[in-house]
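These notes are about the structure you will find just below.
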């Protein structure tokens, strides 16, 4: 077991996105750490979300989670009025870079929330750190003191599903498939290495053109011909909706269990419908978590949007909680990037709909992960919790 975990830890390192701190300052007038919210004026907060492309549906979920929190708190964070500057992240790093420069140079925001695409995160990380603007995001960037993650890390997602398959399904023959871009390759490779180290057979591996694949039948045929007893897939957004739907249409859902990272069903269950039945995913959140905090969040979300919140909605809601607690800790002092960074490590436990968690030394959560099964109840698809996989650190170690 020790050698398997060591191999997995090495593989998980493949998923870490590095962002340096060099580069020139980009603040509009040379002041890289201007105060916001001085003299009772609103604190300006940047909110970068994708409004087009493959991640557009995730962007909607982030906006909804943020809207719920601000409405519940009278448009205040830390007792201060907030001016939310929403900007399109776009679907490419180039668009994201332009958006980041606008937030820093023109809008002069005190902090930034949002950002979905890992490639965009890499492209904008230095822009914000050079300007001393903290980012609280679901996207993964490491070794950057101004980047704090509220969602999950690839390492904890990879390790928790590998641990489950090795410990509970060691006789599976697993086919691996994902989108053909950096994150897809990193995740699939980490899972492959971890499963092989644990003695689980790999039936095959394939990558599909990112953002352009409409017909998955040739790949589904390869899966069927491989003799796999299960599939692990990494897709998100519109790609996930297509893949899961076509997987069922091809008949693979009858006998070949489909596993995936939470992105496989998040925000897509309504579109996937019965095709998603039985799909197993690991996640930090599901609206079916039985707690007062989650029930209140889900009730408010459903009442306003007539839809179930996704992990992205909850993560954005949690981002607002984090910034709320941080600004409260700053008190009446000027809100600057450096003041936010100084306060963030000391905010303690975060109580959000997913449960109680806290930041670790890598500026990411240590938290419980769940195994979920997509299930229909009363004509509505849900990701039901069927097991707790345990608490994991951001580095993919059991806590």
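Label reach from residue 351 (point 7 Å along Cα→C-beta): in the range 290-313, amide nitrogens under 14 Å belong to 291-297. Expressed as a fraction of 2.2 N^0.38 Å, the value expected for a compact globular protein of N residues, the C-alpha radius of gyration of the range 336-399 is 1.50.
Across all directions, the average flat footprint of the convex hull enclosing the Cα atoms of the range 119-185 is 5.6 nm². The spacing between the range 41-113 and the range 325-399, judged by their C-alpha centroids, is 19 Å. When Rg and Dmax are taken over the Cα atoms of the range 226-320, they come to 14.6, 46 Å.
Across 331, 78, 211, mean-square fluctuation computed from a Gaussian network of the chain (C-alpha pairs under 10 Å connected) peaks at 331.
Summarising the strand pairing of the chain, around 40 percent of its internal DSSP beta bridges are antiparallel. For the pair residue 97 and residue 333, label points projected 7 Å from Cα toward Cβ lie 3.5 nm apart. Helix 118-130 and the longest principal axis of the Cα set of the chain meet at an angle near 20°. Placing dummy labels 7 Å off each Cα toward the beta-carbon, the span from residue 300 to residue 214 is 4.2 nm.
Taking 0.36 nm per residue of separation and subtracting the current Cα-Cα distance, fully stretching the chain between residue 388 and residue 76 would add 108.9 nm.
A crude spin-label estimate for the pair residue 254 and residue 86, with each label 7 Å from Cα along the Cβ direction, gives 4.4 nm. Once the Cα-Cα distance is subtracted from the 0.36 nm per residue extended length, the residue 106 to residue 51 segment shows a gain of 17.7 nm. Restricting the calculation to alpha carbons of the range 29-146 gives Rg and Dmax of 13.8, 41 angstrom.
Compared with the dominant principal axis of the Cα atoms in the chain, helix 2-12 is inclined by about 60°. Normalised by 2.2 N^0.38 Å, where N is the number of residues, the C-alpha radius of gyration of the range 97-142 stands at 1.00. Relative to its Kirkwood radius, the Cα radius of gyration of the range 140-292 gives an Rg/Rh of 0.96.
Please give the helix 292-305 orientation as an angle from the longest Cα principal axis of the chain, in degrees from 0 to 90, rounded to the nearest 10. Helix 292-305 and the main axis of the chain meet at about 90 degrees. Can you work out the base-10 log of I(q)/I(0) for the chain at q = 0.07, 0.14, 0.15 1/Å, using the Debye formula on its C-alpha atoms alone? Rounded to two decimals, the profile gives -0.31, -1.22, -1.38.
Computed from the coordinates by the stated procedures, all read-outs in this text should not be read as laboratory data. Predicted model only: the values in this text are computed from it and were never measured. All Cβ positions, even for glycine, are placed from backbone atoms using ideal geometry, and neighbour counts span all protein chains on display.
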